[in-house]
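Note sheet for the following structure.
The values are calculated or read from the model by the stated rules, or taken from the named source; none is laboratory data. Predicted, not measured: the structure shown is a model, and the values here were computed from it. Positions of Cβ are generated from backbone atoms using ideal geometry, with glycine treated the same way; all protein chains shown enter the neighbour counts.
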Amino acid sequence: MEEARIQAETREGRGKGPARKLRMQGAIPAVLYGRDVEPLALSISSKDWRLLEAHLRSNAVIRMELRSAGNVEERPVMVKHVQKRPVGYAVLHVDFLQVSMERVVQVEVPIHLTGQSIGVLKGGVVEQHLRTVMIESLPGQIPEKLDVDISNLDIGDSIHINEISLPGIKLLDHPDVAVVGVTPPEAEEVVEAVAAPAVEEAKKEE
């Protein structure tokens, strides 16, 4: 995949007025911040952003070409937040986080289940308890998603955080938290069958 890149320029004006003017000119107001980094108000091209957003994977490191006072420098950044209009979803503002490729960051990564559980083949039901997980990793090693293979899960089995291991990646959720499990399909039916006689007996006593 081609490396993600975007151009940005520093801007002077802050607030709703200057931001509205920027949008009318086909630009998007943005901000750049980070550890040991002086926050900078930026402007990026709406067209450049649309091209980037169309192919940008989650938590990707972007090479930002930053133009300021006639100087041009390249900085590694990540998208932290995108503010959009409730109607039409036009981009109003973008927050960028400057990172160091040698310093770990903490990000949220989606969990993706792979394989077909042997428990499902027996009639079991897969229950995914976590959809995302917080990890700590160097920016260049952040996965787009965390694949969890459920092929060996039988009915009654589950996979916990402490059973997932990836080189160079630390999972920050509690080790005992269940990510996914397989439950018997008749579990709810059994509960209802047991509860029904008790309800009828209570009615008779009344």
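Within the group D176, D157, which residue is out of contact with any Lys or Arg (no Cβ under 8 Å at 6 or more places or on another chain), exposed (fewer than 11 other Cβ atoms within 10 Å of the Cβ) and at pLDDT 95 or above?
Going through D176, D157 in turn, the sole match is D176.
What are the residues in the range 84-139 that are outside any strand (DSSP E or B), within 21 Å of the chain's Cα centre (by Cα) and farther than 24 Å from G34 by Cα, if any? Working first, answer last.
First pass over the range 84-139, keeping only residues outside any strand (DSSP E or B): 85-90, 99-104, 115-124, 129-131, 138-139.
Filter again for within 21 Å of the chain's Cα centre (by Cα), leaving 85-86, 89-90, 99-101, 103-104, 129-131, 138-139.
Within the range 84-139, R85, P86, Y89, A90, H129, L130, R131 meet the criteria.
Given the conditions (1) within 27 Å of the chain's Cα centre (by Cα); (2) in contact (Cβ under 8 Å) with a residue 12 or more places away in the chain, and given that P39 satisfies all but one, which numbered condition is not satisfied?
(2)
It is to be established whether one or more residues within the range 14-30 are in contact (Cβ under 8 Å) with a residue 60 or more places away in the chain, outside the structural domain of G140 (by TED's automatic domain parsing), more than 19 Å from the chain's Cα centre (by Cα) and closer than 30 Å to G168 by Cα.
No, because not a single residue in the range 14-30 is in contact (Cβ under 8 Å) with a residue 60 or more places away in the chain, outside the structural domain of G140 (by TED's automatic domain parsing), more than 19 Å from the chain's Cα centre (by Cα) and closer than 30 Å to G168 by Cα.
Of all residues being closer than 20 Å to Q106 by Cβ and of a type in the set (A, V, I, L, M, F, W, C) in the range 121-147, which is surrounded by the fewest Cβ atoms within 10 Å (Cβ to Cβ)? Just the residue, please.
The selected residue is M134.
Output the residues belonging to the range 47-63 that are in a helix (DSSP H, G or I), within 23 Å of the chain's Cα centre (by Cα) and not acidic (D, E). Lay out the reasoning, then the answer.
If we filter the range 47-63 for residues that are in a helix (DSSP H, G or I), which is where we start, we get 47-55.
Retained after the next criterion (residues that are within 23 Å of the chain's Cα centre (by Cα)): 48-55.
W49, R50, L51, L52, A54, H55 - these are the residues of the range 47-63 that are in a helix (DSSP H, G or I), within 23 Å of the chain's Cα centre (by Cα) and not acidic (D, E).
Residues are listed down the side, and each one gets a yes or a no for (1) more than 30 Å from A27 (Cβ to Cβ); (2) among the hydrophobic types (A, V, I, L, M, F, W, C):
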{"position": "V99", "(1), (2)": "no, yes"}
{"position": "S117", "(1), (2)": "yes, no"}
{"position": "I135", "(1), (2)": "yes, yes"}
{"position": "P143", "(1), (2)": "yes, no"}
{"position": "D147", "(1), (2)": "yes, no"}
{"position": "H160", "(1), (2)": "yes, no"}
{"position": "L171", "(1), (2)": "yes, yes"}
